[in-house]
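One structure is given here, and the rest of the page talks about it.
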Amino acid sequence: MAVAKSERLLNLLIMLLVQRHYVPKDRIRAILYPDSSTEAFEKMFERDKEELRSLGVPIEVGNMDAYFDDEPGYRIRPDEFALPDISLTADEAAVIGLATRVWEHARLAEATTEAVRKLTALGLPLDVSALDIAQPRLSADEPSFDLFWEAIQERIPVEFEYRRPGATAATTRHLQPWGVVRYSGRWYVVGLDTDRDEERVFRLSRVQGEARRAGQPGSYDVPPGTDVRATTMRLAPEPTTGRAVLLVREGSGLALRRDAESVEPGVAGPDERTGWDRVVTSRGGTGAADEVLGYGPDVYVEEPEALREAVVHRLRAIVGEAS
């Protein structure tokens, strides 16, 4: 199942990230793939490594003993995985952030605890602080996100109601999803629209109601060489830009700072205390409210007023739903 696969990828990421030394392949197999045959393990392990690398996770291969040419081991160095040391655009950073966003998701939170518990039980030296290194934190609160994510993992066609911009009613669409992408502050699903027999991109926030599975696992294959991010950039609407002035708590908003026109340190924040920076950015257009909300209490909008009101409106809606 997709959740089992996501948990396995998550556990592999955690295992290689929190340990201080290279992890031999036989230990990885014993902990994460205990019921697999040698052939099945080799195939799954290679596939899982490539999937993590495709998300930007730098898996390092090295010898267990510096003086002997023995079986190689694997690890993820936190200093290389940490976002500040990786030169990426904000949207590219969001793709890597998805790897960590997955374990913050409620359905997989248990998997993180279980993975760390297993490693601790083996008496292995762990550095669990490495789990806090990735930014930005992404919101994946569209109701259809889970189903599309699972369908992509299992290659299951999906049926859903979709309302295009300016349309008064939704229409039923049928898609073979290839991937989900964060672009210009929005989540998109990319795939083959089987009604039109053409590749299409759909914004998840425009999916009406609940998306539905419309086939069996393994019903299709993603065309070789498909780059879902490039497809999204080609087919999705051009992002709009606008100037925004933000108060960002020190040590936060790394992606915002990287693209900033200017950063004024040591200003008073909304709590009238110092420890904030004033960041002027041109990323105040489409999707800006989603991005600001993704940083929680660490970012406050000074200008423009429309953006601040959009953020406040979203927060009030969340509070209303929770009450």
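Per residue, how much accessible area does the range 203-264 have with a 1.4 Å probe, in Å²?
Values: 3630 Å² over 62 residues.
Heavy-atom accessible area per residue stands at 59 Å².
Take the solvent-accessible surface of the protein heavy atoms, probe 1.4 Å, and return the percent of it on the range 175-278 that carbon and sulfur atoms account for. List each step's numbers first, then the result.
Working: 2410 of 5450 Å².
Its accessible area is 44 percent carbon and sulfur atoms.
Roughly how much of Val299 is accessible, in Å² to the nearest 10, using a 1.4 Å probe?
Val299 exposes around 10 Å² with every protein chain in place.
Largest first, what is the accessible-area ranking of Thr231, Thr171, Thr274, Thr226 with a 1.4 Å probe?
Numbers: Thr231 10, Thr171 70, Thr274 105, Thr226 50 Å².
Per-residue accessible area, sorted high to low, gives Thr274, Thr171, Thr226, Thr231.
Return an integer: the convex hull volume of the alpha-carbon atoms of the range 162-246, in Å³ per residue. Let's see the in-between values first.
Working: hull volume 11.8 nm³, N = 85.
Roughly 139 Å³ of hull volume per residue.
The values are calculated or read from the model by the stated rules, or taken from the named source; none is laboratory data. The structure displayed is predicted, hence computed values, not measured ones. All accessible areas refer to the heavy atoms of the entire protein, side chains included, with ligands and DNA or RNA removed. Shrake-Rupley method; radii C 1.70, N 1.55, O 1.52, S 1.80 Å.
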